[in-house]
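Presented below is the structure to which this report refers.
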Amino acid sequence: MTTLLLLVQKIIPRIAGQERTRLIVIGSMSGIRAYPFGYSHASAKADLHHAVRTSALELNQRGIHVTEVNPGVVDTGLYDNPAVAQASAAASKAFGYAFEGNRIPQMPPREVGRAVAYTLNSAAHVLTINLVPFGQEPHTGSCALPAKRGNGPKGCLVRGQLWARLCMAMLVAAQ
């Protein structure tokens, strides 16, 4: 968040007044839709989302057109790690989300690039582009926990343990 604000402050003098100046920020679908146990990640991305929307309002008066590109899950290799793939499949299943082949749908990184290219080549001011891979829920609202019979505190503990395993697997994969 601080990096975005400092960067924008530094480049405004250089880009203000140019014809059709565009500033494109890559955000995340996590910033506009909530999901179970995603409070840390989703709230940080939501902070970025609102900073971008506010910047769009403020910079528009200076001829700077701000666009936010929000991809869903992008195939960055994170889910190639067997521990991450297994933990994410188990967590998804525990929350009632089933994906084909127990693999979270991912889009190729080039799709994010295509969204940026579209924005740069458009004759209009593109405010936001939201992208999700085929097979992922196409919504911008919250992902609610599905209601299941017989889920008491024990069921919640199992879900918490699965989520903790997913987070640990992601940390291990990132190292």
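The values are calculated or read from the model by the stated rules, or taken from the named source; none is laboratory data. It should be emphasised that the depicted structure is a prediction, and the values quoted were computed from it without experimental measurement. We place every Cβ from the backbone using ideal geometry, glycine too, and count neighbours over all the protein chains shown. Accessible surface areas use protein heavy atoms only, side chains included; no ligands, DNA or RNA. Shrake-Rupley method; radii C 1.70, N 1.55, O 1.52, S 1.80 Å.
Which of the following residues is among the β-branched types (Val, Ile, Thr) and closer than 15 Å to ASN130 by Cα: VAL84, VAL73?
Details: VAL84 fails: closer than 15 Å to ASN130 by Cα.
Result of the check over VAL84, VAL73: VAL73.
Scan segment 38-51 and give yes if some residue there is open to solvent by 80 Å² or more (accessible area, probe 1.4 Å), within 12 Å of the chain's Cα centre (by Cα) and not charged (D, E, K, R), otherwise no.
The answer is yes; a qualifying residue exists.
Go through segment 1-33 and report how many residues are part of a loop (DSSP other than H, G, I, E, B) and under 10 Å from the mean Cα position of the chain (by Cα). Steps first, answer last, please.
The first filter runs over segment 1-33 and keeps only residues part of a loop (DSSP other than H, G, I, E, B), leaving 1, 16-20, 27-28, 32-33.
Narrowing the set further to residues that are under 10 Å from the mean Cα position of the chain (by Cα) leaves 27-28, 32-33.
The total comes to 4.
Counting only residues that are more than 21 Å from ALA42 (Cα to Cα) and of a type in the set (Val, Ile, Thr), which one in segment 59-83 is surrounded by the fewest Cβ atoms within 10 Å (Cβ to Cβ)? Give the derivation first.
Kept after step one, since they are more than 21 Å from ALA42 (Cα to Cα), are these residues of segment 59-83: 59-66, 80-83.
Those left that are additionally of a type in the set (Val, Ile, Thr): 64, 66.
Numbers: ILE64: 21, VAL66: 23.
Within segment 59-83, the match that is surrounded by the fewest Cβ atoms within 10 Å (Cβ to Cβ) is ILE64.
So, in segment 1-25, exactly how many residues are free of Cβ contacts under 8 Å to residues at least 24 places away in the same chain and either closer than 24 Å to PRO71 by Cα or surrounded by 11 or more Cβ atoms within 10 Å (Cβ to Cβ) (or both)?
Total meeting the criteria: 5.
Answer yes or no: is there a residue in segment 36-50 that is in contact with an Asp or Glu (Cβ under 8 Å, 6 or more places away or on another chain), on the phi < 0 side of the Ramachandran plot and part of a loop (DSSP other than H, G, I, E, B).
Of all residues in segment 36-50, those in contact with an Asp or Glu (Cβ under 8 Å, 6 or more places away or on another chain) come to 49.
Those still in the list that are on the phi < 0 side of the Ramachandran plot too: 49.
Okay, now just the ones that are also part of a loop (DSSP other than H, G, I, E, B), so none.
Among the residues of segment 36-50, not one is in contact with an Asp or Glu (Cβ under 8 Å, 6 or more places away or on another chain), on the phi < 0 side of the Ramachandran plot and part of a loop (DSSP other than H, G, I, E, B), which makes the answer no.
Report yes if VAL69 is outside any helix (DSSP H, G or I), in contact with a helix residue (DSSP H, G or I) (Cβ under 7 Å, 6 or more places away or on another chain), under 22 Å from ALA34 (Cβ atoms) and in contact (Cβ under 8 Å) with a residue 60 or more places away in the chain, otherwise no. Steps first, please.
On the way: outside any helix (DSSP H, G or I): yes; in contact with a helix residue (DSSP H, G or I) (Cβ under 7 Å, 6 or more places away or on another chain): yes; under 22 Å from ALA34 (Cβ atoms): yes; in contact (Cβ under 8 Å) with a residue 60 or more places away in the chain: yes.
So VAL69 fits the description; yes.
Go through segment 88-144 residue by residue and tally those that are open to solvent by 50 Å² or more (accessible area, probe 1.4 Å), among the hydroxyl-bearing types (Ser, Thr, Tyr) and modelled with pLDDT under 85.
Going through segment 88-144 one residue at a time, the tally reaches 3.
For segment 72-95, name all the residues that are within 19 Å of the chain's Cα centre (by Cα) and part of a helix (DSSP H, G or I).
LEU78, TYR79, ASP80, VAL84, ALA85, SER88, ALA89, ALA91, SER92
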